[in-house]
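Each remark here refers to the structure printed beneath this line.
The values are calculated or read from the model by the stated rules, or taken from the named source; none is laboratory data. This is a predicted model, so every value here is computed, not measured. So basically every Cβ, Gly included, is an ideal-geometry build from the backbone, and we count neighbours across all protein chains shown. Surface accessibility is based on the protein's heavy atoms, side chains included, excluding ligands, DNA and RNA. Shrake-Rupley method; radii C 1.70, N 1.55, O 1.52, S 1.80 Å.
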Amino acid sequence: MLSSLCILLLYTTQGAVQGLVFGVLPLPLRQNPSATDVDQSIFSFVGYPFTFKFFLAPLIDGLYSTRIGRRESWLIPLQFLSGALLGRMAADMGDMLGASPPDVYTLTIALFVLVTATAAGDIATDAWAAGKMTDNKASLCQILGLTIGAEASSTIFFLLLGKELVSLEGLLLSIASLCFVTLGYFVISGLANGNGQPADGEDDNVGVRDAVWQIWNLVRRSANVRCWLLFLLMQPLASGHQSLMSVRYQAAGFSPELFSQYDTFLLPLSFLVMFLSYKVAKTERLFTATLWTTLVQVIFGVVQLVHFQKGKAVGGTAVDDVVLRLSYVVLKQLNGALDTLTFVMKVTIFNRIAQKHPPTAGTVITFMASMSNLGSTLFTTLAPLMAHATCTFATCFFFLVAG
């Protein structure tokens, strides 16, 4: 029980960091009058640690202290590092975002280090969860923790920010405190469960070379795995324009602060979607289910593009139009539900494969996730650059057709 709660707390902390970096900080950057699409593209590099974390996975699986524990050897210092970085950045974040032009290079480097620590911790947490839970329960625990953390650090933050009850500095300090609280609970949980005791299948002596060799054999021997990897790399094309659409909607007046109250009221719906995704993830035809979900995402993407064009035609009063406003909320919630369903199904497949190779579970899960993150982050970087060279409609149309 202690281990399950600890895993949930670790995922919640990671979700809070991701909500801050990918949900909150882009907003003041976009609001800076001197910021450009190129600045937005540069800022997107903070997401690349999740793309290339595969290179860290063999180290995390193969290098550890037997006295402390395979996963604990990494999670303890990484939690401390994340908390310390967040505490330090709290004092300088306002100056970096408010400068003219914004100090996007320093901001990106600082957040890149933070996201790298979070990505490395995610590797160890995924492997720990895979060794202690069934595949669908591990995926449910992950999406639950990530959602709680992300919603608290973005949706709830915007709601309180609109009422002037919290500041960006306060958010950074709150997440830093959460990191240290999770660290303390993690240490207590480890002591209570016998710190350093390996989980079933994790007592094998596996080095860095063995972890890399395991991935090579997995890809070489299984055509199904190769097909799945290709799908993971290309599937984000269907939603590669979403970050660009978010920027354009915000410029049209559809700001996160304005809709945070709707998102807060609809949070129970998000948890219902998680429960339904957990049920769907029990099927043996996960690949087929993921393909159908992607097709529905493309359809909703077309509807969203039509909605944006109608709002653009209305002009500055589009956000005051009841129909456009309500349809924006509905489309946003439906897209979020599809993203949740896709995420849970993907993670379940990762866990099913990883549970067949417990000593290198972190490397297996991370390799699969890295392929998915590579496509997502790459297209997020390319979308603003394409829009800068052409136009928003052409960029979105390209991604939807390609998807």
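Listed values, structure above:
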{"item": "Long-range tail of P(r) for the stretch 236-305 (Cα pairs > 19 Å, %)", "result": "56 percent"}
{"item": "Most mobile listed residue (137, 312, 53) in the chain, GNM with C-alpha springs under 10 Å", "result": "312"}
{"item": "Mean projection area, nm², convex hull over Cα of the chain", "result": "18.8 nm²"}
{"item": "Stretch gain in nm, segment residue 339-residue 309, where the contour uses 0.36 nm per residue and the Cα spacing is subtracted", "result": "8.5 nm"}
{"item": "Cα long-axis angle, helix 2-18 against the chain (0 to 90 degrees, to the nearest 10)", "result": "30 degrees"}
{"item": "Unit charges at the beta carbon, dipole of the chain: most positive-side option, 247, 170, 398", "result": "398"}
{"item": "Total charge dipole magnitude, the chain, about the Cα centre, Cβ charges on Lys, Arg, Asp, Glu only, Debye to nearest 20", "result": "1000 debye"}
{"item": "Top positive-direction residue, dipole computed over the chain with Cβ charges, set 378, 91, 80", "result": "378"}
{"item": "Carbon + sulfur, % of accessible area of the chain - ligands and nucleic acids excluded, 1.4 Å", "result": "67 percent"}
{"item": "Convex hull projection area averaged over all views, the stretch 1-124, Cα basis, nm²", "result": "8.1 nm²"}
{"item": "FRET efficiency for residue 317 and residue 389, using Cβ-Cβ distance with R0 set to 30 Å, rounded to 0.05", "result": "0.50"}
{"item": "Of 179, 391, 141, the one that fluctuates the most in a GNM where the chain has Cα springs shorter than 10 Å", "result": "391"}
{"item": "Å² of accessible area per residue within the chain, as computed with a 1.4 Å probe and no ligands counted", "result": "44 Å²"}
{"item": "Degrees separating the helix 135-153 axis from the principal Cα axis of the chain, which is the longest one", "result": "40 degrees"}
{"item": "Charge dipole of the stretch 263-400 about the Cα centre (unit charges at C-beta), most positive-ward option of 323, 342, 354", "result": "354"}
{"item": "Cα long-axis angle, helix 322-354 against the chain (0 to 90 degrees, to the nearest 10)", "result": "20 degrees"}
{"item": "Cβ-placed point charges (K, R +1; D, E -1), dipole of the stretch 1-138 about Cα centre in debye, nearest 20", "result": "500 debye"}
